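Each value in this text was obtained by applying a stated rule to the coordinates, not by laboratory testing. Quick caveat: nothing in here was measured; it's all calculated off a predicted structure. Every residue, glycine among them, receives a Cβ derived from its backbone with ideal geometry; neighbour counts consider all protein chains shown.
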Amino acid sequence: MRPVCCICGKPITVRFWVCAACERAYHLGDFRDWPQWAKELKASEERERRRVEVLTLSDCPVAERMVYGELNDDAWHYYGDDDSENVWHTEIDD
Ligand SMILES: [Zn+2]
């Protein structure tokens with residue numbers, strides 16, 4: 001499960017909750033100014049991401065290595081600096 005825009009479901013960077021297009025379309029600049037419906041979508045996406053993180057850390061050796069600091073070249077391969085290739089997320093999709 002990749003991080004996705006909580007409105008349209010498009011894959012995005014994990015730091016964000018909505019994609020640029022939705023941000024513009026719904027004027028979602030500052031989170032405090034978000035409409036209630038958007039906050040609810042974000043909250044449910046947040047729950048989903050937490051659930052996936054828990055699964056990922058316990059089930060994925062690569063993630064464990066990253067968490068516990070034993071980084072090597074192989075581990076970096078799985079962890080791009082953009083939002084495009086979080087490969088280990090997709091491997092535990094059901
Ligand atoms: Zn979107």
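Numbers at a glance
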quantity: Inter-label distance for Lys10 and Arg24, nm, one decimal - labels placed 7 Å from Cα along Cα-to-Cβ; calculated: 0.9 nm
quantity: Under 12 Å, Cβ to Cβ, from Glu40 - net charge with Lys/Arg +1 and Asp/Glu -1; calculated: +1
quantity: Separation in nanometres of the label points that stand 7 Å from Cα toward Cβ, at Arg47 and Asp33; calculated: 2.8 nm
quantity: 25 °C / 0.890 mPa s Stokes-Einstein diffusion coefficient of the stretch 6-50, Kirkwood radius on C-alpha pairs, µm²/s; calculated: 231 µm²/s
